[in-house]
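A.B. asks: What follows is a single structure, and I will ask about it in a moment.
The values are calculated or read from the model by the stated rules, or taken from the named source; none is laboratory data. Note that the structure is predicted; figures quoted are calculated from it, not measured. All Cβ positions, glycine included, derive from the backbone under ideal geometry; neighbour counts span all protein chains shown.
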Ligand code: ADE
């Protein structure tokens, strides 16, 4: 029950104070228990929004699971209550801010300090996995630190909650950036929540140890491509153990990526490792007002809200992001150019083959790549005029959008530029198409949200 009093808002036994954060799922406010004076954080979810997005059952299930999480490195859920319009989750208050505030202050952490935090992060993540809860959206905002400098993970299990909905009913996200999202999640290929949380933890470890992101680019297409390729530069100044564990975590193939058992037996990870002991108390979570279930579930009406975001939804959500770079044709650099195309992979390879064969090149296919070679008679060295070797590779951004990357291995630069110009002119998205493409993506995004809204009517 919420009421305004002389000292501010009251929620049952709690006095509600300042806003601590505004996450994807609603506001988090400071709260003080009136009798004990103890500090808490209250997450406030909007029931109407949850109902609109048909996420009510999912949230009930998630909250049920969150009650089971009792670990020193996971924000504890103490109490849940609900009013007609809101759900209140009373959480452990964590008073050291976000982990990345700490890194911002120091630039980067020493391997010893970074490892201790990473061990705590992995302890928390693997504990939640053992309870059947996956984060799927691990990012710095979810990693808090307490007064003693220990990690507390928040929002675990809440990934099924719909992202923040703006007034215009288009999906928005407070984060928007896919820097921490595993490639298989971005590609929406069906994924193992445990392996994708390991990837995100690896991105966080990289930032802790280097002060930089492993995958970054202002052009979203290039950023996606770097993530899909696992194209990160692991600094040589890190210890061999740190380099190795980062390489094994940031493996874009989830089936060869290091798993939890591998991580915990890795020499770098094991150093000074003291596993955390989960709490063994029986504090009963108080479900006040037991107003959950939020709404009776109608079996016939089963349009579920999306349980995770894929690359396409992300584009739709990121309306505030500068998408112009996404469709930009990049300047031909000496060695590598990329352009976006809406042709299917099969068509793209066939058309590239056609164009370069016409230019007199020989083509080899293999491993999702095309190799193109031209070696004119009489050309004595690899770099002499008339000799050129180029590899073409494709990356999927969404089911109807691809990035073509052309990379020169060796040879004549002017011939290479001619080839790049010809291919991107014929296959790339021109300015008017770019506009149409943006519009159609946005229309799709509108359709997607209006479908969800329609389903809620
Ligand atoms: N911000 C988000 N969750 C929080 C928590 N549990 N404690 C402090 N600040 C937070």
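A.B. asks: For a quick check of your reading: which strands (runs of 3 or more DSSP E) sit entirely within the stretch 2-121 and have at least 2 residues that are at pLDDT below 80 and over 28 Å from residue 150 (Cα atoms)?
C.D. replies: Details: elements: 2-5, 8-11, 14-23, 26-33, 39-46, 77-82, 86-92.
Strands (runs of 3 or more DSSP E) meeting the threshold: 2-5.
A.B. asks: Given the options 55, 31, name the one that is within 11 Å of the ligand (Cβ to nearest atom) and surrounded by 19 or more Cβ atoms within 10 Å (Cβ to Cβ).
C.D. replies: 31
A.B. asks: Could you list, in sequence order, all residues of the stretch 214-259 that are closer than 25 Å to residue 338 by Cβ, without any contact (Cβ under 8 Å) to a residue 12 or more places away in the chain and outside any loop (DSSP other than H, G, I, E, B)?
C.D. replies: Of everything in the stretch 214-259, just one residue is closer than 25 Å to residue 338 by Cβ, without any contact (Cβ under 8 Å) to a residue 12 or more places away in the chain and outside any loop (DSSP other than H, G, I, E, B), namely 226.
A.B. asks: Okay, moving on. Determine, yes or no, whether residue 125 is more than 15 Å from the ligand (Cβ to nearest atom), within 26 Å of residue 263 (Cβ to Cβ) and under 21 Å from the mean Cα position of the chain (by Cα).
C.D. replies: Judged against the criteria, residue 125 is a match.
A.B. asks: Still on this model: How about the stretch 58-99: which of its residues are within 16 Å of the ligand (Cβ to nearest atom) and farther than 24 Å from residue 138 by Cβ?
C.D. replies: Within the stretch 58-99, 79, 88 qualify.
A.B. asks: When you look at residue 198, is it under 14 Å from the mean Cα position of the chain (by Cα), modelled with pLDDT of 95 or more and surrounded by 16 or more Cβ atoms within 10 Å (Cβ to Cβ), yes or no?
C.D. replies: yes
A.B. asks: Can you tell which of 382, 321 is farther than 15 Å from residue 417 by Cβ, modelled with pLDDT under 85, under 30 Å from the mean Cα position of the chain (by Cα) and not in a helix (DSSP H, G or I)?
C.D. replies: 321
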